[in-house]
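Student: This is the structure I want to talk about, given as structure tokens.
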Amino acid sequence: MNRDLWDQEAEAFDSEPDHGLTEPSARAAWRDLLLSVLPTAPARVADLGCGTGTLTRVLTDEGYRVDGVDSSPEMIKRARAKVPESRFVIADAATPPLPEDEFDVVLCRHVLWAMSEPADALRQWVALLKPGGIVVLIEGHWATGAGLTAAQTAQIVLQVRNEVHVRHLPEPIYWGKEITDERYLAISHR
């Protein structure tokens, strides 16, 4: 999808249970999941493809310092309203205009699959990390046929990093419904 289509999606984006995380139990599940894999706050996080800033809000509430990047001005407008204390940049997540070697975490939710050259984008993302920084990718291979399988994502990560761990996320609490497709978290520490 291009920027204009994401701008059109922005108005209703948070109405999806797994986008807006307006249900307290879903929000708590995502918070707990992320806190289980992230370094402790106040670690610095680059939320690439941040959309309306929902994960930025969750992490900021926990004391993380988060910079968000999204190509959609409408998504960024909503993110700035949702998380005014964070910094947001309108830019292509494939080449984020953020300082290199300054982030503890690169977080991307449903973004890698949309990159035309995912390994190249991942190289750009890894350059943002301090030594010892981690990459956290939330991805899926959806019933529509779009997305990346966990094996595909692992293969991409291993082109850039030395290791990757995949945790499948079939639990309905994360998505607001039962799912039949593949959704997962991929984490790389080095």
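Student: Among the residues of region 31-64, write down those that are modelled with pLDDT of 95 or more and more than 20 Å from PHE103 (Cα to Cα).
Tutor: Scanning region 31-64 gives a single hit, ASP32.
Student: Just for region 168-190: of the residues that are in a loop (DSSP other than H, G, I, E, B) and touching a residue at least 60 places away in the same chain (Cβ under 8 Å), which one is nearest to PRO24 (Cα to Cα)? Reasoning before the result, please.
Tutor: Residues of region 168-190 that are in a loop (DSSP other than H, G, I, E, B), as a first pass: 169-171, 176-181, 189-190.
Those still in the list that are touching a residue at least 60 places away in the same chain (Cβ under 8 Å) too: 169, 171, 176-177.
Working: LEU169: 18, GLU171: 16, GLY176: 11, LYS177: 15 Å.
Taking the candidates together, the pick is GLY176.
Student: With respect to THR40, determine if the residue is open to solvent by 20 Å² or more (accessible area, probe 1.4 Å) and either on the phi > 0 side of the Ramachandran plot or free of Cβ contacts under 8 Å to residues at least 12 places away in the same chain (or both).
Tutor: Taking the combined requirement at face value, the residue satisfies it.
Student: Any chance you could count how many residues in region 39-64 are part of a loop (DSSP other than H, G, I, E, B) and out of contact with any Gly (no Cβ under 8 Å at 6 or more places or on another chain)? Lay out the reasoning, then the answer.
Tutor: Keep residues of region 39-64 that are part of a loop (DSSP other than H, G, I, E, B), which gives 39-43, 49-53, 62-64.
The next check asks that each one be out of contact with any Gly (no Cβ under 8 Å at 6 or more places or on another chain); those that pass are 39-40, 43, 49, 51, 62-64.
Residues in region 39-64 being part of a loop (DSSP other than H, G, I, E, B) and out of contact with any Gly (no Cβ under 8 Å at 6 or more places or on another chain): 8 in total.
Student: Moving on to the next point. Give me the strands (runs of 3 or more DSSP E) completely within region 65-167, filtered to those with at least 3 residues that are over 20 Å from VAL37 (Cβ atoms) and modelled with pLDDT of 95 or more, ordered by residue number.
Tutor: 87-90
Student: So, in region 141-190, exactly how many residues are in contact with a Pro (Cβ under 8 Å, 6 or more places away or on another chain) and open to solvent by less than 40 Å² (accessible area, probe 1.4 Å)? Before the answer, list the steps.
Tutor: First, pick out the residues of region 141-190 that are in contact with a Pro (Cβ under 8 Å, 6 or more places away or on another chain): 148, 156, 175-179, 183.
Cutting the leftovers down to open to solvent by less than 40 Å² (accessible area, probe 1.4 Å) gives us 148, 156, 175, 179, 183.
Count: 5.
Student: Given the criteria surrounded by fewer than 19 Cβ atoms within 10 Å (Cβ to Cβ), hydrophobic (A, V, I, L, M, F, W, C) and free of Cβ contacts under 8 Å to residues at least 60 places away in the same chain, does ALA93 qualify?
Tutor: No: the conditions fail for ALA93.
Student: So, in region 65-84, of the ones that are over 17 Å from ASP101 (Cα atoms) and of a type in the set (A, V, I, L, M, F, W, C), which residue ends up surrounded by the fewest Cβ atoms within 10 Å (Cβ to Cβ)?
Tutor: ALA81
The values are calculated or read from the model by the stated rules, or taken from the named source; none is laboratory data. All values derive from a computational prediction rather than experimental measurement. Glycine also receives a Cβ, built like all others from the backbone with ideal geometry; neighbour counts cover every protein chain displayed. Heads up: the accessible areas ignore ligands, DNA and RNA and are worked out on the full protein's heavy atoms, side chains in. Shrake-Rupley method; radii C 1.70, N 1.55, O 1.52, S 1.80 Å.
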